[in-house]
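The values are calculated or read from the model by the stated rules, or taken from the named source; none is laboratory data. Everything numeric here is computed off the predicted structure, so don't read it as measured data. Virtual Cβ from ideal backbone geometry, glycine too; neighbours counted across all protein chains shown.
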């Protein structure tokens, strides 16, 4: 079964989360949104999307939990600490105050400790992003496959309807041709009523023109297109553009059949036929 172009996927790796969304598009169009300072993630993610999707407008969003991603670097401000310790010794030596400054107390002195946040390196973030994206694409592919199966089932049902309408139109062709021949014969007789009439010539001309209203060839081609589209729906891989082209051929044959049919009943069948073809065309737009 073919895939739909519509899908969603989401996965996380460490502090990084990747979300995928796609909608219909004639070609593959990938856009990537990253946090500030992480533009280096765009190209690897676009390359991955190019390997996993053939068509569709794919949006990839990357978010990072800043608290989880950052690491604190703690440094000791030695000059400030030594000044505090020297002052404590002076208090003991000159004023007889007990010098009980321990490590825990010293670390609480203002400006003794300095904390700096260290963000993950580009290589680490790229590895996390690709890992999360691979998992997100698995969800994404599953969603597209399920939607693709639903679309295929719907199109197959509509193909059954087109086949029934084709059979009804086909059954009316001999009657339509015979009626056209008779109308043409009567009209020619009226025009030539004041002259000598060659009945055989009239019947020959009527037969020639009647062939022009016979849609047997178009009906045969339409049945061939139906079989071809069924075959495509049974295969995997990107076939949406081929299906779109084939449905255009459906429409061309239906228009030609309609131009050759003059009786009300057949015209009604052709209108119904075109309606079903249009429904399939809309569904094919969703297939990768």
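Check residue 170 against each of (1) modelled with pLDDT under 95; (2) in a helix (DSSP H, G or I); (3) exposed (fewer than 14 other Cβ atoms within 10 Å of the Cβ) and name the one condition it does not meet.
Among (1) modelled with pLDDT under 95; (2) in a helix (DSSP H, G or I); (3) exposed (fewer than 14 other Cβ atoms within 10 Å of the Cβ), the lone unmet condition for residue 170 is (3).
Here are 102, 92, 14: which of them is over 16 Å from the mean Cα position of the chain (by Cα), surrounded by fewer than 18 Cβ atoms within 10 Å (Cβ to Cβ) and on the phi > 0 side of the Ramachandran plot?
None of the others qualify; the one that does is 14.
Residues that are surrounded by fewer than 18 Cβ atoms within 10 Å (Cβ to Cβ), part of a loop (DSSP other than H, G, I, E, B) and modelled with pLDDT under 80: does the range 205-213 have at least one?
Yes, there is a match, as at least one residue in the range 205-213 is surrounded by fewer than 18 Cβ atoms within 10 Å (Cβ to Cβ), part of a loop (DSSP other than H, G, I, E, B) and modelled with pLDDT under 80.
Does residue 28 satisfy the criteria of being surrounded by 15 or more Cβ atoms within 10 Å (Cβ to Cβ) and touching a helix residue (DSSP H, G or I) at 6+ places or on another chain (Cβ under 6 Å)?
no
Restricting to the range 224-240, name every residue that is closer than 15 Å to residue 155 by Cα and surrounded by fewer than 17 Cβ atoms within 10 Å (Cβ to Cβ).
Within the range 224-240, 227, 228, 230, 231, 234, 235 meet the criteria.
Specify which of the listed residues (116, 53, 86, 68) is closer than 30 Å to residue 17 by Cβ and modelled with pLDDT of 85 or more.
Selected residue: 53, the only one of 116, 53, 86, 68 that is closer than 30 Å to residue 17 by Cβ and modelled with pLDDT of 85 or more.
Could you figure out which of (1) buried (at least 17 other Cβ atoms within 10 Å of the Cβ); (2) under 19 Å from residue 217 (Cα atoms); (3) modelled with pLDDT under 95 isn't true of residue 143?
(2)
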